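The values are calculated or read from the model by the stated rules, or taken from the named source; none is laboratory data. Note that the structure is predicted; figures quoted are calculated from it, not measured. Virtual Cβ from ideal backbone geometry, glycine too; neighbours counted across all protein chains shown. The accessibility values were calculated without ligands, DNA or RNA, using every heavy atom of the protein model including side chains. Shrake-Rupley method; radii C 1.70, N 1.55, O 1.52, S 1.80 Å.
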Amino acid sequence: LPSRRLMGRHVIVTSGPTHEPIDPVRYIANRSSGAQGAAIAAALRDLGARVSFITGPAEVPAPEGVDVIAVETAREMRDAVERALPADAAVMAAAVADWHVANARAGKIKKDGSGQMPGLQFAENPDILAWISQLHQGRPPLVVGFAAETDNVLENAAAKRLRKGCDWIVANDVSPATGIMGGHENAVTLISDAGAESWPRLSKPEVARRLADRIADELAGARE
Ligand code: C5P
């Protein structure tokens, strides 16, 4: 059954932004529609994989036929990824906030007449991609990260792959001139041990199908 090449495989996909609360009504977030992550989860599902789709508050709906685990913060996302293990592959497409507010308030912050917002203190969030890539036990055999860059895209992405310890990095240029951010298309370069392979500008579902195919190739190779 060549069309169900990921039957019996479990793949974790993170997607969307994370929201890091300041108080009950305000938060800090990264810009992310969740469209590419949702398309990847759907493409993996179409190849027969069981998909754990761990998503922050995204604009696009989660695909049908995947296990949806909705989270809010980076810390919740990391915990959900940990609970979803073991997996044959992990694709970290979420735009995770790098920091959370360490002095988040339980009640709504009110204006106090000073004209100043009370100071926020930040603490670093877990780097989920680096953490899963460097797991001593239970590391998925294939870990894929993303690198959205505005400058020196390939150099930065290749350095990121080595720094985080993931197997592949999907690099894309998100400088405003490309119109990629929030758009329907993506122009990516897949970086692995074997080098860098640039794909043409494709719709996000097409990028997802190609990536899912490559993941299926890789896992099939690893089985032999
Ligand atoms: O370091 P940077 O945020 O550019 O790395 C992007 C990659 O790392 C993406 O795959 C993203 O999902 C992942 N990431 C993560 N946890 C973080 C930050 C980034 O999994 N805290």
Of all beta bridges DSSP finds with both residues in the chain, what is the antiparallel percent, to the nearest 5? 40
Coordinate range along principal axes, alpha carbons of the chain, Å, largest first: 67, 38, 33
Partner aspartates and glutamates for K164 [C-alpha distance under 12 Å; skip if fewer than 8 residues away on the same chain]: D127
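Counting only protein heavy atoms, what percent of the accessible surface of the chain is carbon or sulfur at a 1.4 Å probe? Spell out each step's value before the answer.
Details: 5740 of 11600 Å².
The computed percentage sits at 50.
Percent relative contact order of the chain, based on C-alpha pairs within less than 8 angstrom and at least six residues apart? Write out the running numbers ahead of the final one.
Working: 475 pairs, mean separation 42.6, N = 224.
Once divided by the residue count of the chain, the mean separation gives 19 percent.
Can you give the % of DSSP beta bridges in segment 1-131 that are antiparallel, to the nearest 5?
On the way: 7 of 22 bridges.
For segment 1-131, the DSSP antiparallel bridge percentage is about 30.
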Would you work out which of L219, P63, P200 lies farthest towards the positive end of the dipole of the chain? Charges go on Cβ: Lys and Arg +1, Asp and Glu -1. P63
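With charges only on Cβ, +1 for K and R and -1 for D and E, what is the dipole size of the chain about its Cα centre, in debye, rounded to 20? Walk me through the numbers before you get to the answer.
Details: 25 positive and 28 negative charges, 80 e Å.
It comes to approximately 380 debye.
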With the 1.4 Å probe rolled over protein heavy atoms, the chain has an accessible area per residue in Å² of 52
